[in-house]
1. At pLDDT 95 or above and farther than 30 Å from Arg49 by Cα: is that true of Leu153 in this structure?
2. Confirm whether Val87 is open to solvent by less than 20 Å² (accessible area, probe 1.4 Å), at pLDDT 95 or above, among the hydrophobic types (A, V, I, L, M, F, W, C) and within 18 Å of the chain's Cα centre (by Cα).
3. Give Phe19, Phe50 a once-over and let me know the one that is open to solvent by less than 20 Å² (accessible area, probe 1.4 Å) and closer than 21 Å to Lys195 by Cα.
4. Being more than 16 Å from the ligand (Cβ to nearest atom), within 25 Å of Leu97 (Cβ to Cβ) and not β-branched (Val, Ile, Thr) is the requirement here; does Cys179 meet it?
5. Can you give me the number of residues within the range 168-196 that are assigned to a loop (DSSP other than H, G, I, E, B) and over 25 Å from Ala67 (Cβ atoms)?
6. Can you name the condition, by its number, that Asp75 falls short on among (1) open to solvent by 30 Å² or more (accessible area, probe 1.4 Å); (2) under 30 Å from Glu137 (Cβ atoms); (3) in contact with a Phe, Trp or Tyr (Cβ under 7 Å, 6 or more places away or on another chain); (4) not hydroxyl-bearing (Ser, Thr, Tyr)?
7. Does Gly36 satisfy the condition of being modelled with pLDDT of 95 or more, over 30 Å from Leu97 (Cα atoms), part of a loop (DSSP other than H, G, I, E, B) and open to solvent by less than 70 Å² (accessible area, probe 1.4 Å)?
8. Taking the range 171-211 as the search range and keeping residues that are free of Cβ contacts under 8 Å to residues at least 12 places away in the same chain and not small (Gly, Ala, Ser), which one is most open to solvent (accessible area, probe 1.4 Å)?
Amino acid sequence: MSEVLTLALAKGRLAEKTFDLLENMGIDCSEARDPGRQLVLWDRKENIRFILVKPSDVPTYVDHGVADLGVVGKDTLLEAGRPLYEVLDLGFGRCRLCIAGYPEKNTDSVSHAVFRVATKYPHIARSYYGDMGQSIEIIELHGSVELGPVIGLSDVILDIVESGSTLKANGLQVLDEVCDVSARLVCNRVSLKTKRARVQWLIDGISGQLE
Ligand code: PRP
C-alpha cells in the first residue's frame, strides 16, 4: 500500500476544479465531492485523504505538514506569507488583486492625516504601500469590501476583481493592479523530501492535465 497523501483544498469552486483534474488522473473524488458534514474524505484505493477547509486555512495546514499538498489562490498565499513550495499554477480561479476607489481620491488628495485602505488582505496592503513609502491605516473587513469607499469608511480598497461588475455597480474604478491571481498547487517542504515519489506522481499527473 502506498503512503497516505493528504490534500488540503479550499472549499467551493477551487476544490471542484481540482476534483476535475484529479478525476482525469483516475483519482476517486466522489466522497470528497459529496462530503455531508464529514471533514476528512478518502480515495481508499489510491490512499489519498482530502481535507476541505476555508481558503485562508489551506496554507496553515500545509505549512504544519498535516497536509502534504494544497490548492489555494495566489492572493491567499501572499497574504499568509508561509514558506511553502508553490509547485504549479493551475490556471483557474483567475482574477486580479487591485487597488480600487474613486479616481479623484489618491494618497495626495485626501484631506485627513492618514490614507485609509479597506481590505481582507492587511499584509499585502501593508507591503504594497510600504514599498511606496506611504503610511496608511488598514481597515480590515471580511466581505463586501467595496462598501468602504462608498460609505466613507476608507479612501480605497485592496481586493480581488474578477469580472469588475461589483466595482462598476458601486461606481468604483481600478486605480492600480497589484498582481494577477490564480489557483496554485502548494507543497509542504518536508513532504517534498520524505514523500518525494508520491508527491512527484501527483504533481506530474496534475501537470499533465494542464498541457
Ligand atoms: C469577491 C471580491 C469582490 C468580488 C469581485 O467577493 O471580494 O467583492 O468578489 O468580483 P467581480 O469583479 O466579479 O464583481 P465575494 O463575492 O467573494 O464576496 P465577499 O465580498 O462577501 O467576500
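The values are calculated or read from the model by the stated rules, or taken from the named source; none is laboratory data. Treat the numbers as computed from the prediction; the structure is a model and nothing was measured. We place every Cβ from the backbone using ideal geometry, glycine too, and count neighbours over all the protein chains shown. In case anyone asks, the SASA skips ligands and DNA or RNA and just uses the protein heavy atoms, side chains included. Shrake-Rupley method; radii C 1.70, N 1.55, O 1.52, S 1.80 Å.
1. Values: at pLDDT 95 or above: yes; farther than 30 Å from Arg49 by Cα: yes.
For Leu153, the condition - at pLDDT 95 or above and farther than 30 Å from Arg49 by Cα - is met.
2. Details: open to solvent by less than 20 Å² (accessible area, probe 1.4 Å): no; at pLDDT 95 or above: yes; among the hydrophobic types (A, V, I, L, M, F, W, C): yes; within 18 Å of the chain's Cα centre (by Cα): yes.
Spelling it out, it is not the case that Val87 is open to solvent by less than 20 Å² (accessible area, probe 1.4 Å), at pLDDT 95 or above, among the hydrophobic types (A, V, I, L, M, F, W, C) and within 18 Å of the chain's Cα centre (by Cα).
3. Numbers: Phe19 fails: closer than 21 Å to Lys195 by Cα.
The unique qualifying residue is Phe50.
4. Here the answer is no, as Cys179 does not meet what is asked.
5. 3
6. Looking at each condition in turn, Asp75 falls short on (1).
7. no
8. Let us first name the residues in the range 171-211 that are free of Cβ contacts under 8 Å to residues at least 12 places away in the same chain, namely 193-194, 196-197, 200-201, 204, 211.
The next check asks that each one be not small (Gly, Ala, Ser); those that pass are 193-194, 196, 200-201, 204, 211.
On the way: Lys193: 150, Thr194: 94, Arg196: 133, Gln200: 62, Trp201: 89, Asp204: 88, Glu211: 178 Å².
Within the range 171-211, the match that is most open to solvent (accessible area, probe 1.4 Å) is Glu211.
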